[in-house]
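Okay, structure first, notes after.
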Amino acid sequence: MDTPGLKSTYTAYLASPRLSFKHSTYFPVYDRLFAPWVGRPLTFVEVGVFNGGSLLMWRDYFGPQARIIGVDFNPEARRLEADGFEIHIGNQADPAFWRDFLAKVGPIDVFLDDGGHTFEQQIVTVDSVLPAIVDGGLVVVEDTHTSYQSDFGGPSSRSFASWAKRMVDGINHRFSDFPDRPREETVFSVAFYESIIAFHVDRRLAGLASVPTRNRDGEIEVRDFRYQDSPIIQGLKQMGLQIGKVGDWPVVGGSMRALLKTIFALRNARRTAGLGRYFRW
């Protein structure tokens, strides 16, 4: 359904005068991700242009200010240049192709991969183009269900979905407790949808230092109750001690905190082992 004053991607899809194939679940995702770019000057790249139906769709959706670029492995796609599109022919699994492409095209606002959908093609493509995406821009990969299809080699620890999950690990390793771990500093966030994964690029936000803050001065008035069900905590209580007070002991405090941290790590490992039923996927 169209939002007042804003055409939906599905409406643009139906209006395209040439054939295009899109899954029905993609249009709500497109609308959510791409709506902020409508009517703005932008460079939009789509990999896998088939016979041009989707390029016409994107031109209709984004508006006349958009620079629409198509990438395909089939040289016959060059016929779409007659419609005013920039067309580049090359193998998306070849990093050298992308280096040449990016040197010609320059910065990209929104990049959509609807190409061959193999793990190699998807991973090489995203890894190659991320440096060229402007801050605030997007890389969107379609048909990521291939990561779970046997004819594409899935499920696999080397699938595109697995690679994207590793990106999430890199994002979470920005936390200040992990200074020596690999961290992701280009992609601010990753969004997972059914058959679509979107990478939101913002180097400034991705590079923010993770440090604890407080909104005002003053003493902490509440105790940490995360482990109140622990036998260790219960034992301390029976001794008439409170964990907050033990931590305040000038000599014992540091050693006690280190001991409790080890005990809680073992306790959490034991309890985590019982969570298998929640990992049914």
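The values are calculated or read from the model by the stated rules, or taken from the named source; none is laboratory data. Keep in mind that this is a model prediction, so the values were computed, not measured. Backbone-built Cβ (ideal geometry, glycine too); neighbour counts: all protein chains shown. Just so you know, the surface numbers come from the protein's heavy atoms only, side chains and all, with ligands and any DNA or RNA stripped out. Shrake-Rupley method; radii C 1.70, N 1.55, O 1.52, S 1.80 Å.
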_Heavy-atom surface of the range 123-184, accessible at 1.4 Å and reported per residue (Å²)_ = 52 Å²
*Can you give the extra length, in nm with one decimal, that the chain gains between Leu259 and Arg18 once fully stretched, where that is 0.36 nm per residue apart less the Cα-Cα distance?*
80.0 nm
_Stokes-Einstein D in µm²/s, Kirkwood radius over Cα pairs - the range 103-168 at 37 °C with 0.692 mPa s viscosity_ = 264 µm²/s
*How many percent of all Cα-Cα pairs in the range 133-185 sit more than 19 Å apart?*
45 percent
*Would you work out which of Gly137, Gln149, Val168 lies farthest towards the positive end of the dipole of the range 130-183? Charges go on Cβ: Lys and Arg +1, Asp and Glu -1.*
Val168
_Test of the criteria: in the range 101-208, which chymotrypsin sites (Phe, Trp or Tyr not before Pro) are in a DSSP loop and have at most 15 other Cβ atoms within 10 angstrom of their Cβ?_
Phe175
*Over the alpha carbons of the range 14-91, what is the largest minus smallest coordinate on each principal axis, giving the biggest first in Å?*
32, 27, 24
*asked:* I'd like the per residue volume of the convex hull spanned by the Cα atoms of the range 177-218, given in cubic angstrom.
replied: 130 Å³
_Model label zone, Asp151; criterion: amide N under 18 Å from point 7 Å along Cα-to-beta-carbon; scope the range 13-50_ = 21-23
*Whole-Å semi-axes of the range 68-110's equivalent ellipsoid (Cα gyration tensor)*: 17, 14, 7
*For the range 91-147 and the range 20-50, what is the separation of their Cα centres, given in Å?*
15 Å
_Debye log10 I(q)/I(0) at q = 0.09, 0.13 Å⁻¹ for the range 1-137, Cα point scatterers_ = -0.25, -0.53
